[in-house]
Amino acid sequence: MPEAKAPPVTIAEMNVQIQSAPGMEDLRKNEVVFDVDDVTVSYEGDPAISNVSLDVYKNLITAIIGPSGCGKSTFIRCFNRMNDLIPSAEIDGHIEYHGEDLYGPKVDPVEVRQRIGMVFQKPNPFPKPIYDNVAFGPRVLNMPGSLDERVQHALEQAALWDDVKDRLKRNALSLSGGQQQRLCIARALAVEPDVILMDEPASALDPIATSRIEDLMHDLKRNYTILIVTHNMQQAARVADATAFFSVDRTEDGGRTGVLVEYDVTHKIFTNPSDKRTEDYVTGRFG
Amino acid sequence: MKAAVFRAFLLLSLAVGFVTLGALLYDVFSKGLPLLDGRLLTGLPSSLAEEAGARPAIFATIEMGLLLIAFVVPIGVGTAIYLEEYANKERWYNRLLEVNIANLAAVPSIVYGILGLAFLVRGLGLGRVLLAGAMILTLLVLPTVIIAAREAIRAVPSSIREGAYALGATRWQVVWRQVLPAALPGIATGAILALSRALGETAPLIMIGALTYVPFNPTLLGEFTALPVQIYDWIGQPGDDFRALAAAGIIVLLGIVLTLNAVAILLRNRYQKRW
Amino acid sequence: MAAPAAARAISLERSRFRPGELLIRLLLGLCALVSVATTIGIVVALLQPAIDFFREVSIVDYLTGREWAPLFEPPHFGVQPLLVGTFVVTAVACAVAIPCGLGSAIFLSEYARPRVRGFLKPALEILAGIPTVVFGYFALTFVTPLLRDIGIQVEIFNGLSAGLVMGVMLIPTVASLSEDAMQGVPNALRDGAYALGSNKLQVATRVVVPAALSGIVASFVLAISRAVGETMIVLIAAGQQPTFTWDPRNAVETMTAFIAATGNGDVPRGSIEYKTIFAVGLTLFVITFVMNVIATRLVRRYREVYE
């Protein structure tokens, strides 16, 4: 399992890391958390993503990159069944979570979402005290044990405890943008998930807040599996172990759909991609 | 030149409304204020103007108001929650439901009176009782409450719902713990405005027989009269004394109605969240 | 800290059947059914006795007869006096409400500064919140004597006082809906006209009002509908004499006043007089329903254009 190293800062450091970096065969030795098999998601018949297959591995950070409109958000929302909330959405294909069909007939989306948490692009804390934000998940799920301890533990993991420990009763909206996002991460952690999905978690934040979130991700991946959607290639290069590049394809009737182009260890995607489309995107020729 | 005349016409249009309002308030207060005393508020009605009071009517109005809130808020908010959070809006029956509510909001109040006469008083055999009055007023303002509650619920950003769902909350948990608390000020404003309107209604209550001589305190299943109906009765009595009594009763009614309106508007302004 | 998720066994995702959720969905659906039941109730309450009525009285006589005297011997069931009475009062009301309401709306939307608007709009809401019985009182005890004082020969009960007061009551209805429609017109349209050198009068009348027209007309239709359905003002001030007259200075009886006056007495159930309540009620309902449908279509049209 790759260790959590500090992200490289200089080109020299990056070169060193590349030479000693693992390849995809090494990653595949890890446990498979999600097995995505030929998944197509359509809204009212129009496929947003088509025939995507890949495996997500445990305790890694996997990034999903690509130009806008390639279905990255749609894809990530499959994992915690958030697309269920959209009546016109249909999903074909299979996603297995630790070997179990995520969309099986007896599967309860509530159970799914407790194990697979999500952090959204724009921080969305509840308009309630900080404490109640973090405590919301354990309360609705009736988790046993001390609520205070859970809240503190979650806030510590999200590197927010020291900032807020004296003002837990203050409204969450009084926090800064970066703090709000870390609160949302704490909120997600409080229900003790297995996986954390992040849909462009830092795109609404300033660079300093962004780098704090990225440091946090490095810490979290020891205990959680993280899947992150980002339109920021440098961010993917900084944090992700594996990267999946999506692009837009034309469908038979002239529409657009997202497809998986290449999926490999991050350094390979960015320095030596196999597909020309990937190369065009990461070198900035388009997208 | 034309512009100045036009502006004058616009100001005149505004003036018509406000001057009338001013004249109305002046007329009512000048005739009614002298009679606004304990006897009016605590006395029983009588065929003699010097002795008449409106206590049963005021009590009935207050009781109906309480019943109204108890009925209309659960049903109205429940319907709004159903339409906004649970219903699939593509289905024809849900669309029909929405159209139906919009139509009911515009039906004249006397038609609700006819409904009450046909079903509650005679059909269900309730008779001309206070409970029937409260029920008819509930049906009358229900569409307005539903519409106000829907707007308040819709104003809650979907990002909050998504955040709650993503944590593993069920639909009802999301509604009860996040959506309703956030929508509460808007719902309360709508309910209070509906109450204010209902308490001023006369026609439906006349139709279900509230225009009677009620020299006793009203009970739930007994005959009753309400403040607007009492006022109407006094207007119809011959003589200036009863007209003055009517004016005094109007002051009380206006006091109730305008206070409720003011509370609702204060609530709206204070809690208007900018999402 | 130890990884809690890894320590916990990944158990099967059993679907915990949640009876609570189902029960709640059922209860909410029942709430929604109340409004459906209301409509069905109104329709049944009106139709049944009305159909009975029209078995005894020919619908042609009803619609074309000019005498309304259900209690006379022989009885006359021509509804036209009531229709004309309603029309007269409505016409007077609209003659007041439409120009004043539209003028107020134009002022609020195009001329008034925000502070002035902030004061005037709540003031209009006060006008809108006054119970109709109060307006009826005002029409009878203030307006009628006032009209006589300035030389207009009105009867004690007359359609003119009722109509005028009803018109003032409806000013907020016209004003608020028209103002909403005008506020919905994008500023870009106004700016374009101002940039070409137009003054406020021209911008208001040539740009904004035409752009907001369907919303404005919707407000007129809504005001008409409310005037037709209004009861207390006419019951108190217009009279309960169903004379066929186009002159508002006479006493008139509207459909609503007839229903209220008859429904309040002790009318024997099943008598022909009792059934007249429902026949007239049905007529009233149909008229207001049609107008409401028209108003809704118009509102939808202006919303589509700009939102």
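What follows draws every value from the coordinates through simple rules; no lab data is involved. For clarity, every value in this text was computed on a predicted model and none was experimentally measured. Please note: Cβ atoms are built from the backbone with ideal geometry, for glycine as well, and neighbour counts cover all protein chains shown.
Structural descriptor for the range C:76-306: relative contact order 30 percent, calculated from alpha carbon pairs under 8 angstrom and at least 6 residues apart. Note on A:LYS29: aspartates and glutamates with a C-alpha under 13 Å away, same-chain residues under 8 apart excluded, are A:ASP55. Using all pairs of distinct alpha-carbon atoms, the Kirkwood hydrodynamic radius of the range B:148-203 works out to 12.5 angstrom. Taking the radius of gyration and the Kirkwood hydrodynamic radius from Cα positions alone, what is the Rg/Rh ratio for the protein assembly as shown, to two decimal places? When Rh is taken as the Kirkwood radius, the ratio is 1.08.
Classification of the range B:51-271 by its C-alpha gyration tensor yields a prolate form. The axis ratio a/c (a ≥ b ≥ c) is 1.5 or more, and a/b outweighs b/c.
With the Cα gyration tensor of the range A:181-287 giving a ≥ b ≥ c as the square roots of its eigenvalues, does the rule (a/c under 1.5 for rounded; else a/b larger than b/c for prolate; else oblate) give rounded, prolate or oblate? Taking the square roots of the gyration eigenvalues as a ≥ b ≥ c, the range A:181-287 is prolate. The angle between the Cα long axis of helix A:207-220 and the main principal axis of chain A comes to about 90°, on a 0 to 90 degree scale. Based on the alpha-carbon gyration tensor of chain C and its eigenvalue square roots a ≥ b ≥ c, which shape applies: rounded if a/c is under 1.5, prolate if not and a/b is larger than b/c, or oblate? Oblate shape, in that a/c is at least 1.5 and b/c is the bigger or equal ratio. The simple Förster model, with R0 at 25 Å and r as the Cβ-Cβ distance, assigns A:ASP46 and B:TYR93 a FRET efficiency of 0.40. Only loop residues by DSSP count here, and only those with at most 11 other Cβ atoms within 10 Å; note down the trypsin sites (Lys or Arg not before Pro) in the range A:97-192 that meet that. Answer in residue order: A:LYS106, A:LYS169.
The helix-only estimate of mean residue ellipticity at 222 nm for the protein assembly as shown, built from DSSP H runs of length n ≥ 4 each weighted as -39500 (n - 2.57), is -18500 deg cm²/dmol after division by the residue total.
Using R0 = 60 Å, the C-beta based FRET efficiency linking B:SER158 and C:GLU73 works out to 0.30.
Within straight cross-link reach of C:LYS200, meaning Cα distance under 29 Å, which lysines are found once same-chain residues fewer than 8 apart are removed? Qualifying lysines at Cα under 29 Å: B:LYS2, C:LYS121.
Largest first and in whole Å, give the semi-axes of the range B:142-275's equivalent ellipsoid, each being the square root of 5 times a Cα gyration tensor eigenvalue.
Equivalent ellipsoid semi-axes, largest first: 43, 17, 10 Å.
Subtracting the Cα-Cα distance of A:ASP275 and A:GLU252 from their residue separation scaled by 0.36 nm leaves 6.1 nm. Angle of helix C:213-229 to the longest C-alpha principal axis of chain C, folded into 0 to 90 degrees and rounded to 10: 50°. Taking the centroid of alpha carbons for each part, the range C:51-95 and the range A:192-267 are 75 Å apart. Against chain B, whose longest principal axis comes from its Cα atoms, helix B:180-199 is set at around 20 degrees. Note on A:LEU85 and C:ARG18: their simple-model spin labels are 1.3 nm apart, each label 7 Å out from Cα toward Cβ.
Could you calculate, for chain A, the ratio of the Cα radius of gyration to the Kirkwood radius, expressed as Rg to Rh? Expressed as Rg/Rh, it is 0.96. On a 23 Å Cα-Cα criterion, which of the cross-link pairs A:LYS221/A:LYS276; A:LYS72/A:LYS276; A:LYS72/A:LYS221; A:LYS106/A:LYS221; A:LYS72/A:LYS268 come out too long? Too far apart for the 23 Å limit: A:LYS221/A:LYS276; A:LYS106/A:LYS221.
Shown for C:ASP180, B:ASP241: other C-beta atoms within 10 Å of each C-beta, ranked fewest to most, produce the order B:ASP241, C:ASP180. Note on the protein assembly as shown: antiparallel DSSP beta bridges, both residues inside, total approximately 60 percent of the bridges counted.
Our summary gives chain A a relative contact order of 26 percent, counting only alpha carbon pairs under 8 angstrom and 6 or more residues apart.
Neighbour counting of Cβ atoms within 10 Å sorts the residues B:LYS31, A:LYS268, A:LYS29, fewest neighbours leading, into A:LYS29, A:LYS268, B:LYS31.
Note on A:LYS165: lysines with a C-alpha under 21 Å away, same-chain residues under 8 apart excluded, are A:LYS128. Set the Cα radius of gyration of the range B:74-182 against 2.2 N^0.38 Å, with N its number of residues, and you get 1.32.
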